1. For residues that are among the small types (Gly, Ala, Ser) and in a loop (DSSP other than H, G, I, E, B), scanning just segment 175-231, find the one that is farthest from His139 (Cα to Cα).
2. Only residues that are among the hydroxyl-bearing types (Ser, Thr, Tyr) and over 19 Å from Glu106 (Cα atoms): list them for segment 1-38, please.
3. Of all residues being touching a strand residue (DSSP E or B) at 6+ places or on another chain (Cβ under 6 Å) and of a type in the set (Asp, Glu) in segment 1-60, which is farthest from Ile101 (Cα to Cα)? Just the residue, please.
4. Any residue at all in segment 117-132 that is over 21 Å from Met1 (Cβ atoms) and part of a strand (DSSP E or B)?
5. Is there a residue in segment 75-94 that is within 30 Å of Val188 (Cα to Cα), touching a residue at least 12 places away in the same chain (Cβ under 8 Å), touching a helix residue (DSSP H, G or I) at 6+ places or on another chain (Cβ under 9 Å) and part of a loop (DSSP other than H, G, I, E, B)?
6. Report, by residue number, each residue of segment 176-193 that is farther than 17 Å from Pro158 by Cα and free of Cβ contacts under 8 Å to residues at least 60 places away in the same chain.
7. Looking at segment 166-207 only, could you name the residues that are within 22 Å of His5 (Cα to Cα) and surrounded by fewer than 16 Cβ atoms within 10 Å (Cβ to Cβ)?
8. Could you figure out which of (1) within 18 Å of Val146 (Cβ to Cβ); (2) assigned by TED's automatic domain parsing to the domain that holds Val146 isn't true of Glu218?
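The values are calculated or read from the model by the stated rules, or taken from the named source; none is laboratory data. Predicted model, so just to flag it, every value in this text is computed and none were measured. Note that we place each Cβ from the backbone using ideal geometry, even for glycine, and neighbour counts take in every protein chain shown.
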Amino acid sequence: MEAVHGCSKPVTVTTTDSCNTCDGSGAEPGSTPDRCAQCKGTGMETVSTGFFQMQTACRRCGGSGQVISRPCSPCFGQGSVKVKDKITVTIPAGVDNGVNIRLAGEGEKGTLGGPRGNLFVQLEVAPHDFFERDGVHVHVPLNIDVVTAMMGGTVKVPTLDGEETVRVTGGTQPGDTMTLSRYGVRRVNSNSRGDLFAHFKIKIPRTLSPRQRELMEEFKIHEEEKLSPKVKVSDPLRLTLNHNPELQTTFMATTLMITIASNLA
């Protein structure tokens, strides 16, 4: 959720900084760098190649014009040392995996007194246990009971900002999707947001009480009558069918045959 809402994270980085012992000169305290004898302090030397001559950086002093005869011990004459620094990275809301954040002036030390470079932090966003992210959109599973799926009602949907109460329409099927607009992830440096998609899952009870089973049997017969509306079933016959599965099967087959014959007539 840190990537969704934004946060501040401490980060430890290893960079180069001026050596405190020699103040970045590379020479041992109390001594000074000597003038390079090869380039005579110019930092450049002339190289002849056949009929051509060209100037290049001095191979002995590297173009600095100075040679350190007594190098500083902590930095080995480099004038800089590796240091660990702890900085705080401000992460904006809505970032995703692989995003780079640039921290100006937090990179490596510049050469010859130049400014420091920049530090780039690449983000890795861990997946959430419940919310499934798809860019700025979010998908969540939503469990509802059979009665609510059939008759409709209100349910609570988990969102990135807490629970929201929504109304479910009657006749909701497993796998149906409800869209909650602007309940997704905020776009970086913007006030617009993606959508949240709730995917319905119907919870089927594993056991029924005697009364529930009786009601379901009545519902089943009612549904069967809707399939064969021309056949009327009396209450005594319905009661008999409820307690005799074989007779119920025979009755349904006969009803189907009567319906087919009626349609052909």
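1. So the first thing to find is which residues in segment 175-231 are among the small types (Gly, Ala, Ser), and the list is 175, 181, 184, 190, 192, 194, 198, 209, 228.
Pick out the ones that are also in a loop (DSSP other than H, G, I, E, B) and you get 175, 181, 184, 190, 192, 194, 209, 228.
Details: Gly175: 12, Ser181: 12, Gly184: 9, Ser190: 21, Ser192: 18, Gly194: 11, Ser209: 35, Ser228: 41 Å.
Checked segment 175-231; the qualifying residue farthest from His139 (Cα to Cα) is Ser228.
2. If we filter segment 1-38 for residues that are among the hydroxyl-bearing types (Ser, Thr, Tyr), which is where we start, we get 8, 12, 14-16, 18, 21, 25, 31-32.
If the condition is that a residue be among the hydroxyl-bearing types (Ser, Thr, Tyr) and over 19 Å from Glu106 (Cα atoms), then Thr21, Ser25, Ser31, Thr32 are the ones that fit.
3. Asp34
4. The first filter runs over segment 117-132 and keeps only residues over 21 Å from Met1 (Cβ atoms), leaving 117-120.
Filter again for part of a strand (DSSP E or B), leaving 119-120.
Within segment 117-132, one or more residues are over 21 Å from Met1 (Cβ atoms) and part of a strand (DSSP E or B).
5. Yes.
6. Residues of segment 176-193 that are farther than 17 Å from Pro158 by Cα, as a first pass: 187-192.
Within segment 176-193, Asn191, Ser192 meet the criteria.
7. Going residue by residue through segment 166-207, those that are within 22 Å of His5 (Cα to Cα) are 179-198.
Residues satisfying the conditions are Thr179, Ser181, Arg182, Arg187, Val188, Asn189, Ser190, Asn191, Ser192.
8. The single condition Glu218 does not satisfy is (2).
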